[in-house]
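Notes follow once the structure below has been shown.
The values are calculated or read from the model by the stated rules, or taken from the named source; none is laboratory data. Computed from a predicted structure; not experimentally measured. With ideal geometry, Cβ positions are generated from the backbone for all residues, glycine too; neighbour counts draw on all protein chains shown. In case anyone asks, the SASA skips ligands and DNA or RNA and just uses the protein heavy atoms, side chains included. Shrake-Rupley method; radii C 1.70, N 1.55, O 1.52, S 1.80 Å.
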Amino acid sequence: MTEETTAAKSAAGAADEVLFERRGHLGVITLNRPKAVNALTLGMVGAMLEQLAAWAEDHRVATVLVHGAGDRGLCAGGDIVAIYQDMLAGGKEAAGFWQNEYRLNSLIAGYPKPYVAFMDGLVLGGGVGVSAHGSVRIVTERTRTGMPETTIGFVPDVGGTLLLSRSPGEAGTHAALTGAHLSGADALFLGLADHFVASGNLPALAAALETEPADAAVERFVEKPPASVLAGQRDWIDACYASDDAEDILRRLRSFDGEAASEAADSIEAKSPTAVKVALESLRRVRTMTLEEALAQEYRVGLRFLAGADFREGIRAQVVDKDRNPHWKPASLHEVSAADVERFFEPLGDRELNLHSKEARNV
């Protein structure tokens, strides 16, 4: 039986976008915008911050579970239509959304109780942020995950640059630059997830989490995952992406004898050239950072994209007008100079996201 049920309101006042309830010893978060594949809003992020802070101190809650309403997925990312509309008005609300979203990512990463994420269906962008930083990350045969930001003229954020920089070999670089949708098995290989459970068993697992310790409950439902396609492509991925120069990576992909490498080159050439180069530089710089340092870098880069043309143009082409024909400026990799890339990483002064782990987690 559900003892407590609360609903969060979005910044605009709409109720029920994210639901919280306690079932036995389990605190359940339900992202509840199924028509939008549970895309995150400012109100949802703020409500999750508040509730997770409360549950961290609540002795009645032993484990937290996050899942998505509907059958399409956990979360398709941030509400990029809202970001687009905000960019047209100056971009101030998007910056505030990222501040709270990154605080949430940091809070999840250091959460003092098992944080179980059902990464079923679509888990993209911001959906990775509310799941892959958790301590118990579960994928299924339905999982389609990834960081597709270069497709919309942006770069991986929500700590995604750090997560992908720690993937085996250059697999994370491939995932970041192509923005590919990946399977649950690929997510396990990349280090974005821990366990494979059949989607049909998730309700039973959720019920078990109400009364059992998280590790014991999960262990009873874990299955052997299918083979990762990405893991089987390590030879050409590691060879082609072992460069800090995006144009060199593209040349290597074009010269490699294989359809998959050629398709990766086609994919990268279709992305925003600026986003590709900045994403690559972000991955290289983040390798030795903490999560909080990575989020601060992503915030710095994100504000620069808010002020540029490609992010707005990418959302227009993919989501607003849906013509799938973005006009990138500059239009080619060789037109994006090293100085152009460097400007994305310059300090923000008093606008910096000073996100220390202790501060982020004491909400």
Ignoring ligands and nucleic acids, His67 exposes an accessible area, probe 1.4 Å, in Å² to the nearest 10, of 50 Å²
Quick one: Karplus J couplings for the stretch 46-58, per residue in order, coefficients 6.51, -1.76, 1.60, θ = phi - 60°, nearest Hz, x for Gly and Pro?
x, 5, 5, 4, 5, 5, 5, 4, 5, 5, 4, 9, 8
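Antiparallel as a % of all DSSP beta bridges within the chain, to the nearest 5? Let's see the in-between values first.
On the way: 15 of 36 bridges.
Around 40 percent of the beta bridges assigned by DSSP in the chain are antiparallel ones.
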Expected vector for the stretch 196-211, Karplus 3J(HN,Hα) from phi with 6.51, -1.76, 1.60 and θ = phi - 60°, integer Hz, x for Gly and Pro, equals 10, 9, 4, 4, x, 9, 5, x, 5, 5, 4, 5, 5, 5, 5, 10
So what is the accessible area of the stretch 118-183 per residue, in Å², with the probe set to 1.4 Å?
20 Å²
For q = 0.13 Å⁻¹, what log10 I(q)/I(0) does the stretch 188-277 give under the Debye formula with an equal point scatterer on each alpha carbon and no solvent?
-0.63
For the stretch 124-175, what log10 I(q)/I(0) values come out of the Debye formula at q = 0.16, 0.20, 0.24 1/Å, with one point per alpha carbon and no solvent?
-0.47, -0.73, -1.03
In Å², and per residue, what accessible area does the stretch 205-363 have when probed at 1.4 Å with the other protein chains present?
51 Å²
Can you give the FRET efficiency for Arg343 and Ala216, using 1/(1 + (r/R0)^6), R0 = 56 Å, r = Cβ-Cβ distance, to the nearest 0.05?
0.65
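Tell me, what is the percent relative contact order of the chain, built from C-alpha pairs under 8 Å that lie six or more residues apart? All intermediate terms of the calculation are to be shown ahead of the outcome.
Numbers: 729 pairs, mean separation 57.4, N = 363.
Relative contact order comes out at 16 percent.
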So the label point goes 7 Å from the Cα of Ala53 along Cα→C-beta, right? Which residues of the stretch 103-147 then have their backbone N under 19 Å from it?
103-113, 130
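I'd like the carbon and sulfur percentage of the solvent accessible area for the stretch 293-363, probe radius 1.4 Å, heavy atoms only, ligands and nucleic acids excluded.
Values: 1850 of 3900 Å².
Of the solvent-accessible surface of the stretch 293-363, carbon and sulfur hold 47 percent.
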Charge tally for neighbours of Val158 with beta carbon under 9 Å away, counting Lys, Arg as +1 and Asp, Glu as -1, is -3
At q = 0.13, 0.14, 0.15, 0.23 Å⁻¹, base-10 log of I(q)/I(0) for the stretch 162-222 (Debye sum, equal scatterers on each alpha carbon):
-0.46, -0.52, -0.57, -0.86
For Asp71, Asp323, give me the order by solvent-accessible area with a 1.4 Å probe, most accessible first, ignoring ligands, DNA and RNA.
Asp71, Asp323
Report the local net charge at Gly121: Lys and Arg +1, Asp and Glu -1, summed over other residues whose C-beta lies under 9 Å from its C-beta.
+1
Global form of the stretch 104-154, assessed from the alpha-carbon gyration tensor, a/c cut-off 1.5:
oblate
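Using alpha-carbon pairs under 8 Å, 6+ residues apart, how would you state the relative contact order of the stretch 53-122 in percent?
On the way: 51 pairs, mean separation 40.0, N = 70.
Relative contact order comes out at 57 percent.
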Gap in Å between the Cα centre of the stretch 47-69 and the Cα centre of the stretch 190-267?
28 Å
Taking all pairs of different Cα atoms in the stretch 275-363, averaging 1/r and flipping that mean, what Kirkwood radius in angstroms comes out?
14.7 Å
Which pairs break 21 Å Cα to Cα here: Lys271/Lys322; Lys35/Lys113; Lys271/Lys329; Lys92/Lys329?
Lys35/Lys113; Lys92/Lys329
Crossing angle, helix 291-307 versus the chain [Cα axis fit, 0-90 degrees, rounded to tens]:
60 degrees
Would you kindly work out the equivalent ellipsoid of the stretch 75-159 from its C-alpha gyration tensor and give its semi-axes, the square roots of five times the eigenvalues, largest first in whole Å?
24, 16, 9
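Please tell me the relative contact order of the stretch 90-249 in percent, rounded to the nearest whole number, where contacts are Cα pairs under 8 Å and at least six residues apart.
Numbers: 250 pairs, mean separation 32.3, N = 160.
Answer for the stretch 90-249 is 20 percent.
Carbon and sulfur together cover what percent of the accessible area of the stretch 121-233 at a 1.4 Å probe radius? Kindly include the intermediate steps, with their values, before the conclusion.
Values: 1990 of 3550 Å².
About 56 percent, which is the carbon plus sulfur part of the accessible surface.
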